[in-house]
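Heads up, the thing below is written out as structure tokens.
The values are calculated or read from the model by the stated rules, or taken from the named source; none is laboratory data. Keep in mind that what you see is a predicted model, and the values were worked out from it rather than measured. Here the Cβ is made from the backbone with ideal geometry for all residues, glycine too, and neighbour counts use every protein chain on show. The protein model used for the area step is the full one, side chains on, heavy atoms only, and it has no ligands, DNA or RNA in it. Shrake-Rupley method; radii C 1.70, N 1.55, O 1.52, S 1.80 Å.
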Amino acid sequence: MSESAANLPQLLTRAKRWFEDALLAAMRAAGEQPVTAAQAAVFAVLDDEGTSIAELARRVGVTRQTAHQAVHSLIGMGLLEQVPDPASARSTLVRVTAEGGRVHRRALGAIAVIEDVLTERIGAAPATALRAALTADWGEPPLVDVPGAGHDGAGAGPAQGGPTGR
């Protein structure tokens, strides 16, 4: 697909992949243990006091089984640990180990440098506008009519939250 034909979700996915690729390459070059993008995503959503695997799965947008696999591989690497949940005797929480905290701090430093590189490449104003657009309140996802839903072309207009249905 040509760049001009890409829609916003495709462009956002490509931008996310650019950051992930840069971060993972930087961490490998710095001598850190290699992790996958899914494993790195777990670090981005962990609470300091610990997070359940079910909550991690929800936040990352994966199944509990996928989150469980990522967590247990990170536990095996010494970056995470499971501890009893003080609020529930039957549950456990996942939290960062001291080594995991060290690696995470290095990763955050690398992200700051990668953001600086992006700013140098696209300019300060576009980088600032990008951050503003991504941090703006977009509201709830809209329910829109899908174009071509009817045989006669009916239903092709915007629904609530569309360009003319605000």
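Can you find a residue that is open to solvent by less than 60 Å² (accessible area, probe 1.4 Å), touching a residue at least 12 places away in the same chain (Cβ under 8 Å) and closer than 19 Å to ALA29 by Cβ anywhere in the stretch 80-93? Within the stretch 80-93, none of the residues are open to solvent by less than 60 Å² (accessible area, probe 1.4 Å), touching a residue at least 12 places away in the same chain (Cβ under 8 Å) and closer than 19 Å to ALA29 by Cβ. Would you say ILE111 is open to solvent by 50 Å² or more (accessible area, probe 1.4 Å), touching a helix residue (DSSP H, G or I) at 6+ places or on another chain (Cβ under 7 Å), at pLDDT 95 or above and aliphatic (A, V, I, L, M)? Against the criterion (open to solvent by 50 Å² or more (accessible area, probe 1.4 Å), touching a helix residue (DSSP H, G or I) at 6+ places or on another chain (Cβ under 7 Å), at pLDDT 95 or above and aliphatic (A, V, I, L, M)), ILE111 qualifies. Taking the conditions (1) at pLDDT 95 or above; (2) touching a Lys or Arg at 6+ places or on another chain (Cβ under 8 Å) in turn, ALA54 satisfies each one other than (1).
On inspection, ARG64 passes the criterion of being among the basic types (Lys, Arg) and touching a helix residue (DSSP H, G or I) at 6+ places or on another chain (Cβ under 7 Å). When the stretch 23-79 is limited to residues that are charged (D, E, K, R) and outside any helix (DSSP H, G or I), the one that is surrounded by the fewest Cβ atoms within 10 Å (Cβ to Cβ) turns out to be ASP48. For the stretch 144-166, the candidate set comprises residues that are more than 16 Å from LEU8 (Cβ to Cβ) and surrounded by fewer than 10 Cβ atoms within 10 Å (Cβ to Cβ); within that set, the residue that is modelled with the highest pLDDT is VAL146.
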